[in-house]
1. Just checking, does the range 313-332 include any residue being of a type in the set (K, R), within 24 Å of the chain's Cα centre (by Cα) and open to solvent by 50 Å² or more (accessible area, probe 1.4 Å)?
2. How many residues, within the range 311-368, are within 20 Å of F172 (Cα to Cα) and of a type in the set (D, E)?
3. Test L158 against the criterion of being of a type in the set (A, V, I, L, M), open to solvent by less than 10 Å² (accessible area, probe 1.4 Å) and within 17 Å of I25 (Cα to Cα), and give yes or no.
4. Would a scan of the range 201-213 turn up a residue that is open to solvent by 20 Å² or more (accessible area, probe 1.4 Å), in a loop (DSSP other than H, G, I, E, B), out of contact with any Lys or Arg (no Cβ under 7 Å at 6 or more places or on another chain) and at pLDDT 90 or above?
5. Considering the range 90-111 alone, what residues qualify as being part of a loop (DSSP other than H, G, I, E, B), surrounded by 15 or more Cβ atoms within 10 Å (Cβ to Cβ) and of a type outside the set (D, E)?
6. Being farther than 27 Å from G48 by Cα and touching a Ser or Thr at 6+ places or on another chain (Cβ under 8 Å) narrows it down to one residue among T241, T192, T198, T207; which is it?
7. Out of the range 274-300, which residues are within 29 Å of A110 (Cβ to Cβ), among the hydroxyl-bearing types (S, T, Y) and in a strand (DSSP E or B)?
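The values are calculated or read from the model by the stated rules, or taken from the named source; none is laboratory data. Worth saying up front: this structure is predicted, and the values here are computed from it rather than measured. Cβ atoms come from the backbone with ideal geometry, glycine included; neighbour counts cover every protein chain shown. Just the protein is used for accessible areas: all its heavy atoms, side chains included, with ligands, DNA and RNA removed. Shrake-Rupley method; radii C 1.70, N 1.55, O 1.52, S 1.80 Å.
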Amino acid sequence: MAETSSLNIPTVDLADLASEDPARIERGAAALREAFGVFGLVYLKNHGVDTQALNRYYDAFAEFIARPAEAKKPYGRADIWYQRGWTPPNTEVAVAGNGQPDFKECYFVAPYPNDEQAALEFPELYPENVWPPDAPAYFQEGLLQLGRSLHEAGLKLLRGAALALGLPETVFSDYCQRAPHVTRALQYLPLTASQVNTDIVWGEEHTDFNLLTLLPGGRFLDPTGRAAPGPDNKSGLYLRTRATAEDPKGQMVRGTAPAGCIVAQVGQQLEILTGGTFLATPHVITAPGAPGWQRQSAAHFMHVHTSAVLYPLPKFRTPDAVRNYAPPVLAGTYDIKTLVDIGLAPPSALDKLGYRHYDRLNRQRSES
């Protein structure tokens with residue numbers, strides 16, 4: 001895949017954004033404006049994520065994934081749209097992809113307690129966590145700890161993003177208080193000899209539908225299941241930059257974070273709120289050119305609260321933004337529609353939207 005060097009993507013020091021030094025804050029803010037405006041992605045340092053704990057969790061996750069599908073099946077909860085527990089392979093499909101399900105299986109948890117009122121309104125978006133009673137050691141603790149550390153880094157970044165746009169410091173973090181945030185562990189599955197070096201990828205090109213995604217970095221597993229350096233340089237995260245007159249398709253950029261950094265990506269909800277000033281990151285996960293290899297990774301998805309309205313903030317409500325992002329929509333409604341689009345929720349979930357009491361009227365009519 002043709003690429004532009006990932007060195008073009010800015011790195012932001014969260015310590016700069018948290019400082020009281022105007023020069024340091026502006027340095028971080030300027031980098032964010034470029035990173036989120038052009039790439040939809042930024043590298044973060046001083047993020048607070050423990051790399052040793054992450055690898056310890058990946059060991060536990062690998063132990064769970066190695067179990068037979070029948071043993072994992074009770075934790076694959078289609079009834080809650082896979083928003084907690086195990087997601088089987090060939091379940092999720094990218095909206096803008098070619099219809100090929102992603103070659104991965106996942107585990108979803110909420111790192112913080114649910115908003116009880118929101119759970120009544122959107123039960124499938126705020127279910128309780130699902131844990132195997134015989135989970136490997138550190139499986140539960142490790143994933144919760146990872147999610148919380150990524151979330152704290154994300155809150156700092158959202159405050160910096162608000163400052164970068166000349167907005168009140170807490171505007172974005174206020175939107176996501178007690179929202180349906182989820183942390184996801186992923187295992188990209190081995191391809192066969194006939195699948196490698198074809199157009200099959202681990203994850204089709206897509207944009208995340210949430211507010212902000214934090215990626216702590218992953219690791220490869222060789223065909224024996226041991227952690228090892230990747231077999232080649234073909235596999236990785238690639239993103240598509242904003243379209244320009246010179247590059248109407250944008251450029252494909254490899255998103256390899258510098259050592260010690262994590263990745264943060266703009267989601268569709270943040271793009272909407274900023275009227276397209278910040279760009280949701282189109283990205284794809286390519287597979288290596290050698291069969292039998294797997295990759296482990298993780299992601300924390302920060303969301304807008306389900307009761308908030310998704311629409312450009314007044315500062316960004318230009319005629320173009322209104323055309324692009326109207327009509328306003330409730331974030332919970334937006335979530336349900338997207339989960340149907342990507343195959344995690346059934347089409348019948350759309351029946352939850354709008355007036356749903358015609359059945360009651362029909363029952364009344366049948367009594368006469």
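1. no
2. Residues in the range 311-368 being within 20 Å of F172 (Cα to Cα) and of a type in the set (D, E): 1 in total.
3. It is true that L158 is of a type in the set (A, V, I, L, M), open to solvent by less than 10 Å² (accessible area, probe 1.4 Å) and within 17 Å of I25 (Cα to Cα).
4. Yes, the range 201-213 has at least one match.
5. T91, V93, A94, G97, P101, F103, A110, P111
6. Just one listed residue meets the conditions, T241.
7. Selection gives S297 alone.
Each row is one residue, and each column tells you yes or no for (1) small (G, A, S); (2) within 30 Å of A259 (Cα to Cα); (3) modelled with pLDDT under 95; (4) touching a strand residue (DSSP E or B) at 6+ places or on another chain (Cβ under 6 Å).
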residue	(1), (2), (3), (4)
Y57	no, yes, no, no
I65	no, yes, no, yes
P68	no, no, no, no
N90	no, no, yes, no
C106	no, yes, no, yes
V109	no, yes, no, yes
D134	no, no, no, no
E141	no, yes, no, no
